[in-house]
1. Is it the case that ALA186 is of a type in the set (Gly, Ala, Ser) and part of a loop (DSSP other than H, G, I, E, B)?
2. Enumerate the pairs (first residue in the range 21-45 and hydroxyl-bearing (Ser, Thr, Tyr); second residue anywhere and part of a helix (DSSP H, G or I)) with beta-carbon separation below 6 Å, excluding pairs fewer than 6 apart on the same chain, so at least 6 apart or on different chains.
3. Looking for something free of Cβ contacts under 8 Å to residues at least 12 places away in the same chain and outside any loop (DSSP other than H, G, I, E, B) - is there at least one such residue anywhere in the range 120-136?
4. Using beta carbons and a limit of 9 Å, which pairs, at least six apart or on different chains, have the first residue in the range 188-216 and at positive phi and the second one loosely packed, with under 14 Cβ neighbours inside 10 Å?
5. Report, by residue number, each residue of the range 47-69 that is over 17 Å from the mean Cα position of the chain (by Cα) and part of a loop (DSSP other than H, G, I, E, B).
6. Being surrounded by fewer than 17 Cβ atoms within 10 Å (Cβ to Cβ), of a type outside the set (Val, Ile, Thr) and either in contact with a Phe, Trp or Tyr (Cβ under 9 Å, 6 or more places away or on another chain) or not in a helix (DSSP H, G or I) (or both) narrows it down to one residue among ARG169, ARG199; which is it?
7. Quick check: anything in the range 78-100 among the acidic types (Asp, Glu), touching a strand residue (DSSP E or B) at 6+ places or on another chain (Cβ under 8 Å), part of a helix (DSSP H, G or I) and within 16 Å of the ligand (Cβ to nearest atom)?
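What follows is calculated from the coordinates using simple rules that are stated; it is not laboratory data. Being a predicted model, the structure only gives us computed values, none of them experimental. Cβ placement follows ideal geometry from the backbone for every residue including glycine, while neighbour counts extend to all protein chains displayed.
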Amino acid sequence: MGCCTPEGYRTVFTARTAERDASRYRRKGLPGTARWLASRLAADGVRDQSVLEVGGGVGGLTVELLRSGAARATNVEITDTYEGPARDLIADFGLEGRVDRIVADFAERPDAASAADIVVLHRVICCHPDGLGLTEAACTHARRSVAITIPRGSWWVRLGFAAMNGWLRLRRIPFAGYVHPPAQIAGLAQSLGFRTEHRERGLLWESIILQRAPAG
Ligand SMILES: C[S@@+](CC[C@H](N)C(=O)[O-])C[C@H]1O[C@@H](n2cnc3c(N)ncnc32)[C@H](O)[C@@H]1O
């Protein structure tokens with residue numbers, strides 16, 4: 001895994017992060033980019049669809065898609081620190097039995113999860129050195145759509161990531177963030193048979209929803 005060890009992920013994405021994310025979702029709903037993905041996917045139709053969320057953390061976006069009518073969801077998380085608060089959140093919304101949670105590195109073990117209609121990676125590709133591997137695994141698992149949020153490739157975002165990585169190195173935390181070029185990520189998805197359906201660019205993040213092009 002190069003830069004990032006399981007210990008690194010657990011140091012950055014702690015049980016406290018998980019509690020904070022769950023409590024924020026209960027109080028305020030999803031943050032802006034996740035809200036955009038959820039509302040675009042819902043407008044395109046999530047009723048009775050299956051969802052695979054990779055690196056969904058505590059699972060607010062998964063919960064939102066289930067509340068919009070998705071049939072069931074699987075969340076593959078590289079770290080186990082989210083599992084307790086995620087289970088509580090699922091129970092709070094009465095969604096037990098509709099969510100499977102799997103702890104695995106989806107880039108290394110894509111076969112840990114089955115295919116789904118919709119695959120979501122919200123602010124995940126930037127937390128793994130193998131951005132293209134994660135994208136390819138997402139596309140091969142998606143029967144219909146892939147929804148991705150990644151950092152913009154702008155100079156201020158790259159500067160911010162360089163500063164963050166310098167701080168992590170100083171603290172000897174085995175984790176790093178990556179600005180994988182959005183055009184490369186979208187280009188790979190297109191080469192695997194997807195076309196860009198929606199795109200939104202903010203100051204820091206770029207979100208793309210790709211649909212599998214009809215065969216033939
Ligand atoms: C910045 S957090 C985002 C969490 C959530 N998607 C959100 O936006 O609140 C990145 C998440 O991706 C997970 N992650 C990173 N690489 C992963 C991989 N290869 N497989 C599964 N999860 C991964 C991390 O554990 C972390 O929960």
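1. no
2. TYR25/GLY60
3. no
4. Once the first residue is at positive phi and sits in the range 188-216, its partners that are loosely packed, with under 14 Cβ neighbours inside 10 Å give GLY193/ALA213; GLY193/ALA215.
5. Scanning the range 47-69 gives ARG47, ASP48, GLN49, SER68, GLY69.
6. From the options ARG169, ARG199, the qualifying one is ARG199.
7. Yes, there is a match, as at least one residue in the range 78-100 is among the acidic types (Asp, Glu), touching a strand residue (DSSP E or B) at 6+ places or on another chain (Cβ under 8 Å), part of a helix (DSSP H, G or I) and within 16 Å of the ligand (Cβ to nearest atom).
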